[in-house]
1. Given the criteria modelled with pLDDT under 95 and not hydroxyl-bearing (S, T, Y), does E5 qualify?
2. Scan I181, I203, I228, I245 and give me the residue that is within 30 Å of A42 (Cα to Cα) and β-branched (V, I, T).
3. Quick check: is even one residue across the stretch 190-198 under 30 Å from A36 (Cβ atoms), touching a residue at least 24 places away in the same chain (Cβ under 8 Å) and loosely packed, with under 15 Cβ neighbours inside 10 Å?
4. Hey, can you tell me all the residues within the stretch 167-189 that are small (G, A, S), touching a residue at least 60 places away in the same chain (Cβ under 8 Å) and not in a helix (DSSP H, G or I)?
5. Could you list all residues from the stretch 187-221 that are of a type in the set (K, R) and more than 12 Å from L18 (Cβ to Cβ)?
6. Taking A141 as the residue in question, decide whether it is within 30 Å of R50 (Cα to Cα) and touching an Asp or Glu at 6+ places or on another chain (Cβ under 9 Å).
7. When the residues of the stretch 116-166 are narrowed to those that are hydroxyl-bearing (S, T, Y) and modelled with pLDDT of 95 or more, which ends up farthest from A75 (Cα to Cα)?
8. Of everything in the stretch 202-238, what is part of a loop (DSSP other than H, G, I, E, B) and crowded, with 20+ Cβ neighbours inside 10 Å? Give them in sequence order.
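The values are calculated or read from the model by the stated rules, or taken from the named source; none is laboratory data. It should be emphasised that the depicted structure is a prediction, and the values quoted were computed from it without experimental measurement. Glycine also receives a Cβ, built like all others from the backbone with ideal geometry; neighbour counts cover every protein chain displayed.
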Amino acid sequence: MSREEHTLNADPQEQMVLLEVQGYDLELDRLAHRRAHLPEVARVRELQVRDRALADDLTEVAVEVDDLEGEQRKADADVDLVRQRSEKDRQLLDSGTIHDAKQLVNLQHELESLARRQSDLEDIELEVMEQLEQAQHRRDALMSERAELQTEIAEATAARDAALEAIAAEEAAAAAARASIVGGVPADLMTLYDKLRADHDGIGAAALRRGRCEGCRMELTPVDLERIRSAPDGEVLRCEECRRILVRTPESGL
């Protein structure tokens, strides 16, 4: 025992209660670790990442659809304008009101030019329509995929919540059981236990079983075992290897 340490005394039964407290603390630690690494939580996060990516893709394709719809409206309007102009010129040509040969030739040339222009515009119109149909198809496919994903997210969220509720129920039970016995441990012993538990990976007290410390799993030397045999029943012992509180039990092998 170092100079900084001083001997504590506690009834052997109180020391046994400390082992029970340690058991509940380990159970609470296990449940906290389980919650932090719950597969259901990871699954929801994974699906949410996919959902955000789909949402971004949908926004992008929606903008593309809007742009192409604008282009189609313009292409339709351009074709209609040329058709109207051609129809007007055709009616004028067929009316028989123009007798000047030069005017008739010019009007015929204009009709031919309008026909070529209409053909070019209709090609553009058709290309825009095809691009729009493709974009709409991609949008509809993404919307369908996201709808299915939303169902998966709802199911995964329900499974996650159920798992978290189960863990919370186990935690509540363990915490209540711990609270019901912790008053049976002297305050100075609990203070030492809490400090050691913080310093030694959550284990502040361990049982001595068959000559071995259950905290560090080390076999005690014959000298240490003899020291423990000769120690008063109420003395709070410490493992020479890990310095955790060492509690004697009927299975200590002394």
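1. Yes.
2. Numbers: I181 fails: within 30 Å of A42 (Cα to Cα); I228 fails: within 30 Å of A42 (Cα to Cα); I245 fails: within 30 Å of A42 (Cα to Cα).
Matching residue, one of I181, I203, I228, I245: I203.
3. no
4. Going through the stretch 167-189, the residues small (G, A, S) turn out to be 168-169, 172-177, 179-180, 183-184, 187.
Subsequent filtering for residues that are touching a residue at least 60 places away in the same chain (Cβ under 8 Å) retains 174-175, 177, 184.
The answer is G184, and nothing else.
5. Result: K195, R209, R210, R212, R217.
6. When the stated conditions are applied, A141 does not pass them.
7. This residue is T157.
8. Across the stretch 202-238, the qualifying residues are I203, G204, E214, G215, L220, V236.
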